[in-house]
């Protein structure tokens, strides 16, 4: 199995929200790393915020992982939010209609304020 090329750091600015800082590439090989981070960030929270400002590359496998996260968040009755997306990845979110399910913000402060 190929090695993950992304690192995830989890922060909890307060008890109601977890933030996942993503650095590197999100591909199908990132599944274990991303799901572990989501489990840590989502435990006991109302929302999980994905920080894409350190994202270097994401392919269709990575988009599939985001859909999996969205399903898990919906089952847990949590919101999934994002910020730090480049214009290219914002367009990908629009094309795949992920922007209809994941709230996208310009910065962390805006995302936190919406929770």
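Overview of values
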{"item": "Of the criteria (1) modelled with pLDDT of 95 or more; (2) farther than 19 Å from residue 27 by Cβ, which one residue 82 fails", "result": "(2)"}
{"item": "Single unsatisfied condition, residue 34 versus (1) within 18 Å of residue 113 (Cα to Cα); (2) within 12 Å of the chain's Cα centre (by Cα)", "result": "(1)"}
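The values are calculated or read from the model by the stated rules, or taken from the named source; none is laboratory data. Remember, it's a predicted structure, so these values are computed and weren't measured experimentally. So basically every Cβ, Gly included, is an ideal-geometry build from the backbone, and we count neighbours across all protein chains shown.
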